[in-house]
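Data block below; observations after.
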Amino acid sequence: MTDRPRISRQGSILGGAVKRVEDPRFITGQGRYLADLPVDAYTAVFVRSPVPHARIESIDTVAAADLPGVVAVFTASDFDTERVPSDAPIDERIDRPVLAADKVRFAGEPVAVVVAQTPQQAADAAEQVWVDYDVLDSVSGIEAAMEPDAPLVFDELDSNVVWEKGPVTPVDDLAPADVIVELTIVNQRLAAVPIEPNGAMAVPGTDATVLWLGSQDVSGSAGTLSTVLRRGRDDTRLRIPDMGGGFGAKIYTYPEQILLAPIAEQLGHPVRWAETRTENLTNMCHGRDQLQKVALGATTDGRFLWIKGELLKNGGAYGMWGVEEPYLTQDMAAGIYDIPQVAVSARSVLTNTVPTNAYRGAGRPEATAMVERLVDAMAHRLGMDPVELRRKNMVTPDRFPHHTSTGIVYDSGDYDAALTMALDIAGYPALREEQARRRSDGAIWQLGIGISTYVEITGLGTTDSSHVSISEEGTARMVVGTLSHGQGHETTFRQILSEQLGIPMERIEFIQGDSKYVKRGGGTMASRSTQIGGSSVVVAGEAVLEKAKKVVADHLEASVDDVVLTADGTLGVAGVPDSFIDWGDVARLAGNEQLGADGEAGLAALGRFKQADKTYPFGTHISVAEVNVETGEVRLLRHIAVDDCGHILNRIVVDGQVHGGVAIGIGQAISEQVLYDDDGYLSSGNLTSYLIPSAVTVPSIEIDHTQTRTPLNPLGVKGIGESGTIGSTPAVQNAVIDAVRHLGVEHIDMPLTPMRVWAALAQAS
């Protein structure tokens, strides 16, 4: 063997608060985003409909094509493509075209694309594309779209209602209730507003076109591209560089991204598309937009009997997965509570608005908002402390795995432990005393304490794979099917493999987001990455280690059972001090030999993991807010977040996800809302009218965790990426309402703007 120093390994790295290895390049400006790619590319600018609903009579591109620097102008007739398929099992007739040809269905829908040598030339030319629109009646609201005489978004359909799912329990079978509270709850439409808007760049090549794009799922995008363009998956290589946020809105592969590949191929030159902020707000998929008409029934002593009602979802102009999203709200309608009967139905409609799709939490924030508002309203009706009512009805630890009345199975949990920890951090009795003092004094700034206990579903798409190989230099390479865009996978996944193989993190190469290497994978969404993708790394690492042990055993003429991995990352025979071999030498000994039945040569293995079911993380958030009863102004004083995502692999990464999620949840609660008028014209198309949270509005977040392992994966982990969003929003809403409930206010819809709070106070008085 060559004389090489052994790998130094100081104890277990998994579970440690390891600093994120990706952060130095981000905070020093060394990240490589789409706009940073050093390619001499033409610029593509899309011509978008200014009206929400119209027939296209004609498109005149002559004037635009004659302008200086213009390379080409394309319309739908220039492409032979399929429509962009929906991810939901609904009518394929409502799939989205890559460019509108006969009809536009929302303001902002692309109808043509101009390609020029510079961004300014392309923008100027796009203004000279003349489209003759025959404007039609349009509809933007959920209930308006359901009216018998509502304008049809698709003439081919009999109705704008395109998806329905009935309740688990028929309403007529519900038990008699002593006390019933009813609420109409609006989960308003939101925009993702990633720091980096959408974009793509296509570079034609001899073997294959390389399409760089922002996407949360390289394998899914490759499949969509193959379907729409009718080509093999390997005909286009998809690559995803650093990405400035996704939040679910970049799961979808957008028509603009798809079209760049054939455009670049036709022109024989790279082409780049970079979405402006206004385009982002008028074209990127929106989220939420769910109307809930619900009721909670209970006994006089506060035992929940049932929850019933209807969920109405605005799917926007085309049939994307967001149309089907309410099924998750239905599944999670019982929350953390033992509610014997759930009779919640759901319907989704099309409207002349931007299509809705997954947005951080996707159906689960809506469920928690629904349940936690009803519970607070019931506590007030019964004259009970909201903590007492929650404890009376929550599922206890001895009930797990818990089969809910909606037909799903919660894997593990201790809901009271998280609630107790959050109450202790908040100093709950002292807060109630301060609230009582302010009420007694008639203070202008009244205090509210909002509680949100939640459980959510994570790990949708329960299968993923990773590939791990060892080089003769003793380095490891892992290729993963997930895609980090802020979640810290480069750190966490290296921790997992380093723990298994004893190879230092800095000697592990991490590859993601490249279809040349990632042939399959589920992407990053639904808080699935570590529990599914990370577990596939475990499987691959175990397979590589077993192969390495076989090589060492053969070389040293020992039993495989006697070969061990040492604390300093070498392999050898237990009890024989001079027998140990480092990974590079083991790889050389292995060569290209087939060491197993998997067909992988040398020290390499594909790890596939399929989780038996989803996991159900949970927690409690407490918001402390004060409300000016004269102006309606809201101040958030504190936010306490206690989340349980199972076994924590890296507290720094987990807390970072909670911080981001809470900020998004607070944004929905107090300021964010996509606004359309009744005719489908957007009135929140920039960041002066769409108000995202800032450091001024988000208080310091007090974070802690309980840890309840799941038995469903080898790491014992559950999802955390969306928990902060799910727990925070109803906590803030409950806090604001709690501050003014004694003045007669029973409910205020989000966002809790000063005008809305003031109006609720005025109406109550």
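The values are calculated or read from the model by the stated rules, or taken from the named source; none is laboratory data. Keep in mind that what you see is a predicted model, and the values were worked out from it rather than measured. Glycine gets a Cβ as well: all are built from the backbone with ideal geometry, and neighbour counts include every protein chain shown. The protein model used for the area step is the full one, side chains on, heavy atoms only, and it has no ligands, DNA or RNA in it. Shrake-Rupley method; radii C 1.70, N 1.55, O 1.52, S 1.80 Å.
Is it fair to say Asp91 is open to solvent by 10 Å² or more (accessible area, probe 1.4 Å), modelled with pLDDT under 95 and under 30 Å from Thr184 (Cα atoms)?
yes
Go through (1) over 21 Å from the mean Cα position of the chain (by Cα); (2) of a type outside the set (Val, Ile, Thr); (3) in a strand (DSSP E or B); (4) buried (at least 24 other Cβ atoms within 10 Å of the Cβ) and name the single condition Ala334 misses.
The number of the failed condition is (3).
Consider the stretch 66-104. How many of its residues are over 37 Å from the mean Cα position of the chain (by Cα) and in contact (Cβ under 8 Å) with a residue 24 or more places away in the chain?
Number of matching residues: 5.
Ala261 passes all but one of (1) under 17 Å from Gly513 (Cβ atoms); (2) surrounded by fewer than 23 Cβ atoms within 10 Å (Cβ to Cβ); which number fails?
Of (1) under 17 Å from Gly513 (Cβ atoms); (2) surrounded by fewer than 23 Cβ atoms within 10 Å (Cβ to Cβ), only one is false for Ala261: (2).
Which residue pairs have Cβ atoms under 6 Å apart, sit 6 or more places apart or on different chains, and have a first residue in the stretch 266-282 that is within 14 Å of Ala191 (Cβ to Cβ) and a second that is among the polar types (S, T, N, Q) and open to solvent by 50 Å² or more (accessible area, probe 1.4 Å)?
Thr278/Asn686
Would you point out which residue out of Val153, Val168, Val193, Val228 is in a loop (DSSP other than H, G, I, E, B) and buried (at least 22 other Cβ atoms within 10 Å of the Cβ)? Steps first, answer last, please.
Working: Val168 fails: buried (at least 22 other Cβ atoms within 10 Å of the Cβ); Val193 fails: buried (at least 22 other Cβ atoms within 10 Å of the Cβ); Val228 fails: in a loop (DSSP other than H, G, I, E, B).
From the options Val153, Val168, Val193, Val228, the qualifying one is Val153.
Does Glu746 satisfy the criteria of being under 21 Å from the mean Cα position of the chain (by Cα) and among the acidic types (Asp, Glu)?
So Glu746 fails the test.
A quick yes/no check of all residues on (1) modelled with pLDDT under 95; (2) of a type in the set (A, V, I, L, M); (3) surrounded by 14 or more Cβ atoms within 10 Å (Cβ to Cβ); (4) assigned to a strand (DSSP E or B):
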{"site": "Asp3", "(1), (2), (3), (4)": "yes, no, no, no"}
{"site": "Ile7", "(1), (2), (3), (4)": "yes, yes, yes, no"}
{"site": "Leu14", "(1), (2), (3), (4)": "yes, yes, yes, no"}
{"site": "Val18", "(1), (2), (3), (4)": "yes, yes, yes, no"}
{"site": "Gly29", "(1), (2), (3), (4)": "yes, no, no, no"}
{"site": "Ala35", "(1), (2), (3), (4)": "yes, yes, no, no"}
{"site": "Ile59", "(1), (2), (3), (4)": "no, yes, yes, yes"}
{"site": "Ala72", "(1), (2), (3), (4)": "no, yes, yes, yes"}
{"site": "Asp87", "(1), (2), (3), (4)": "yes, no, yes, no"}
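Just to be sure I understand, how many residues within the stretch 609-637 are under 30 Å from the mean Cα position of the chain (by Cα) and either of a type outside the set (Gly, Ala, Ser) or surrounded by fewer than 24 Cβ atoms within 10 Å (Cβ to Cβ) (or both)?
Selection size over the stretch 609-637: 18.
Identify, from the list Ala208, Ala107, Ala112, Ala145, the residue that is touching a Ser or Thr at 6+ places or on another chain (Cβ under 9 Å), closer than 30 Å to Val518 by Cα and either of a type outside the set (Ser, Thr, Tyr) or at pLDDT 95 or above (or both).
Numbers: Ala107 fails: closer than 30 Å to Val518 by Cα; Ala112 fails: closer than 30 Å to Val518 by Cα; Ala145 fails: closer than 30 Å to Val518 by Cα.
Among Ala208, Ala107, Ala112, Ala145, only Ala208 is touching a Ser or Thr at 6+ places or on another chain (Cβ under 9 Å), closer than 30 Å to Val518 by Cα and either of a type outside the set (Ser, Thr, Tyr) or at pLDDT 95 or above (or both).
What's the number of the only condition in (1) of a type in the set (S, T, N, Q); (2) open to solvent by 20 Å² or more (accessible area, probe 1.4 Å); (3) closer than 18 Å to Arg390 by Cβ that Thr453 fails to meet?
It is condition (2) that Thr453 fails.
Report, by residue number, each residue of the stretch 489-504 that is under 22 Å from Ile240 (Cβ atoms) and of a type in the set (A, V, I, L, M).
Residues satisfying the conditions are Ile496, Leu497.
Here are some conditions: (1) closer than 24 Å to His286 by Cβ; (2) part of a strand (DSSP E or B). Ala144 meets all but one. Which one does it not meet?
The single condition Ala144 does not satisfy is (2).
Could you identify the single residue in Ile496, Ile503, Ile511 that is aliphatic (A, V, I, L, M), open to solvent by 10 Å² or more (accessible area, probe 1.4 Å) and out of contact with any Ser or Thr (no Cβ under 7 Å at 6 or more places or on another chain)? If you could, list the steps in order and put the result at the bottom.
Values: Ile496 fails: open to solvent by 10 Å² or more (accessible area, probe 1.4 Å); Ile503 fails: open to solvent by 10 Å² or more (accessible area, probe 1.4 Å).
Answer to the check: Ile511.
Given Tyr327, Tyr252, which one is part of a loop (DSSP other than H, G, I, E, B) and out of contact with any Asp or Glu (no Cβ under 7 Å at 6 or more places or on another chain)?
On the way: Tyr327 fails: part of a loop (DSSP other than H, G, I, E, B).
It is Tyr252.
Of the conditions (1) open to solvent by less than 40 Å² (accessible area, probe 1.4 Å); (2) more than 16 Å from Met370 (Cβ to Cβ), Met146 satisfies every one except a single condition; which number is it?
Failing condition for Met146: (1).
Where residues in the stretch 198-223 are in contact with an Asp or Glu (Cβ under 8 Å, 6 or more places away or on another chain) and among the hydrophobic types (A, V, I, L, M, F, W, C), which of them is nearest to Val45 (Cα to Cα)? Steps first, please.
Of the residues in the stretch 198-223, the ones in contact with an Asp or Glu (Cβ under 8 Å, 6 or more places away or on another chain) are 198-200, 202, 204, 208-209, 214, 218.
If we keep only those that are among the hydrophobic types (A, V, I, L, M, F, W, C) too, we end up with 200, 202, 208, 218.
Numbers: Ala200: 12, Ala202: 14, Ala208: 24, Val218: 24 Å.
So the residue we want is Ala200.
Please work out which residue is nearest to Ala436 (Cα to Cα), limiting yourself to the stretch 733-750 and to residues that are in contact (Cβ under 8 Å) with a residue 24 or more places away in the chain and part of a loop (DSSP other than H, G, I, E, B).
My answer is Glu746.
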